[in-house]
Amino acid sequence: MAANDIVVSAIGVHKEYRMGSEVVHALDGIDIDIYRGEYLSLMGPSGSGKSTLFNMIGALDQPTKGDVFIEGENMAQLTMEQLAWIRCNRMGYIFQSFNLLIVMTALENVTLPMIFAGLSPKQREERGKELLSIVGLGDRWSHRPTELSGGQQQRVAIARALANDPDIVLADEPTANLDTKTGREIINLLKELNESQNVTIVSATHDLKMLDVSDRVVYIRDGKVEQIRARDEIDIHVGSLAGEHE
């Protein structure tokens, strides 16, 4: 792909944490380009650095050494206000624990990021209901999280991630708290949105079903990129994992 198709570029990224006198190298020289409109999955064992890299890509953390560019902008050279603008307008976030506000309706949860983006109440309501319809919850906009199933709550979270028409959606273990069938539905929904809205999706996951919809899979181990493989290079049957039946 061409250089102008790159939405995120990590160059020589290191991340160190100090634990007393010990230095932990969470990332140890990561180089990776992420392309516009692709579905990328980050996979690796616990403690591999997968989540740390995920936070770098999402402008949620800064490297100890190296650079992360988002849409050509070096995150290390931006002010806190500029970083906040990028998180609000260019990024959407999906968390495994949904992170919905239980006192708010589905519509209010989805439209919350739009307040910070400056949309009017009318714009927020129209956009929020449109997004809830897209994720299959057009008739549930007035329901609170406690009135929704886990899968429905994750659909609300996905709609919220799309609130401000982001370039990149970051999904952190989006199926971890869901049963197998619901997890597959969420994976398929993310892929549909990836294709229909041309949004880049980066997922940090242990879920092998995610391989089926990924354009590329990046394997992280010991803070390094162990390998990057395209979907057609991965020989694995994921249709009947974890008790699923075709």
(message) So with the 1.4 Å probe, I'd like the accessible area per residue for the chain, rounded to whole Å².
(response) 48
(message) Counting only other residues whose beta carbon sits under 15 Å from that of GLU81, what net charge do I get with K and R as +1, D and E as -1?
(response) +1
(message) Within the chain, which whole H helices from DSSP have a Cα span along their axis of at least 24 Å and a mean Kyte-Doolittle hydropathy of -1.0 or more, if any?
(response) 180-197
(message) I'd like the accessible area for GLU233: 1.4 Å probe, protein heavy atoms, all chains in place, Å² to the nearest 10.
(response) 100
(request) Express the relative contact order of the range 101-246 as a whole percentage, based on alpha carbon pairs under 8 Å and six or more residues apart in sequence. (result) 18
(message) Based on the alpha carbons, how large is the Rg to Rh ratio for the range 144-192 when Rh follows Kirkwood?
(response) 0.96
(request) Taking the Cβ of GLY150 as the centre, find all other residues whose Cβ is under 12 Å away and add up their charges (Lys, Arg: +1; Asp, Glu: -1). (result) 0
(message) Pairs of alpha-carbon atoms within less than 8 angstrom and 6+ residues apart define the contacts here; what relative contact order does the range 1-127 have, in percent?
(response) 22
(request) Just subtract the alpha-carbon distance of ASP179 and ASP232 from 0.36 nm times their residue separation and send over the number in nm, one decimal. (result) 16.4 nm
(request) May I ask you to order 108-114, 62-68 by the average number of other C-beta atoms within 10 Å around their residues, highest value first? (result) 108-114, 62-68
(message) How large a share of the accessible area of the chain, in percent, is made up of carbon and sulfur atoms when the probe is 1.4 Å and the other protein chains stay in place?
(response) 48
(message) Taking the full set of protein chains and a 1.4 angstrom probe, give the accessible area of SER133 in square angstrom, rounded to the nearest 10.
(response) 70
(message) Considering just Cα atoms, how many Å³ per residue does the convex hull of the chain enclose?
(response) 145
(message) Over the chain, with a Gaussian network built from C-alpha contacts below 10 Å, which listed residue (SER214, SER51, SER21) shows the highest mean-square fluctuation?
(response) SER21
(message) Report the gain in length on full extension from SER133 to ASP31: 0.36 nm times residue separation, minus Cα-Cα distance, nm rounded to one decimal.
(response) 32.9 nm
(request) Mind counting lysine pairs for me in the chain? Cα separation below 23 Å, and the two need to be 8 or more apart along the chain or on different chains. (result) 12
(request) Work out the length of the dipole vector of the chain about its Cα centre, built from +1 on the beta-carbon of each Lys and Arg and -1 on the beta-carbon of each Asp and Glu, and round it to the nearest 20 debye. (result) 600
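The values are calculated or read from the model by the stated rules, or taken from the named source; none is laboratory data. Small disclaimer: the values here were computed from a predicted structure and weren't measured. Quick reminder, even Gly has a Cβ in these numbers, built from the backbone with ideal geometry, and neighbours come from all protein chains shown. Heavy atoms of the whole protein, side chains included, go into the accessibility calculation; ligands, DNA and RNA do not. Shrake-Rupley method; radii C 1.70, N 1.55, O 1.52, S 1.80 Å.
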